[in-house]
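Chemist: Have a look at this one.
The values are calculated or read from the model by the stated rules, or taken from the named source; none is laboratory data. Owing to the predicted nature of the structure, the values given are computational and were not obtained by experimental measurement. In this analysis, Cβ positions are derived from the backbone assuming ideal geometry, glycine residues included, and neighbour counts consider all displayed protein chains. The protein model used for the area step is the full one, side chains on, heavy atoms only, and it has no ligands, DNA or RNA in it. Shrake-Rupley method; radii C 1.70, N 1.55, O 1.52, S 1.80 Å.
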Amino acid sequence: MERRARTTRRCHTEAALLMLLPSPDLRIWLYAKPVDMRKQFDGLIVLAKHQLHASPMSGELFVFINRKQTMMKVLYFSRGGYCLWSVSDQYRTVLSDSNKSALDLR
């Protein structure tokens, strides 16, 4: 029974990722500076436009991380409007010396 539950959860997770990343050329922007996680749609849209110089309405994903690197928000635009996901304590951030960033989702 437990094995079946794990398999079902894995299938749901994989399906969610396929819906999230429908094409292999989807751009994902990572805002490298710490962000106040009290910011909502408007504040994050301003950061995407003016700091990343990108269009938030492009359908690309915009990832923001707090100072302690314990929380992440993902902003994107879909046909119905803006969507905002919030993730807490489910990832760790790996920062290299060359100021490049990568997310290790686990």
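Chemist: Between residues in the stretch 45-64 that are more than 22 Å from residue 88 (Cβ to Cβ) and open to solvent by 30 Å² or more (accessible area, probe 1.4 Å) and residues that are of a type in the set (S, T, N, Q) and assigned to a loop (DSSP other than H, G, I, E, B), which pairs lie under 7 Å by C-beta distance while being six or more apart or on different chains?
Modeler: none
Chemist: Can you tell me which residue in the stretch 65-85 is modelled with the highest pLDDT, limited to those that are loosely packed, with under 11 Cβ neighbours inside 10 Å and part of a strand (DSSP E or B)?
Modeler: Of all residues in the stretch 65-85, those loosely packed, with under 11 Cβ neighbours inside 10 Å come to 68, 78-81.
From what's left, part of a strand (DSSP E or B): 78, 81.
Details: 78: 83, 81: 88.
Among those residues, the one meeting the criterion is 81.
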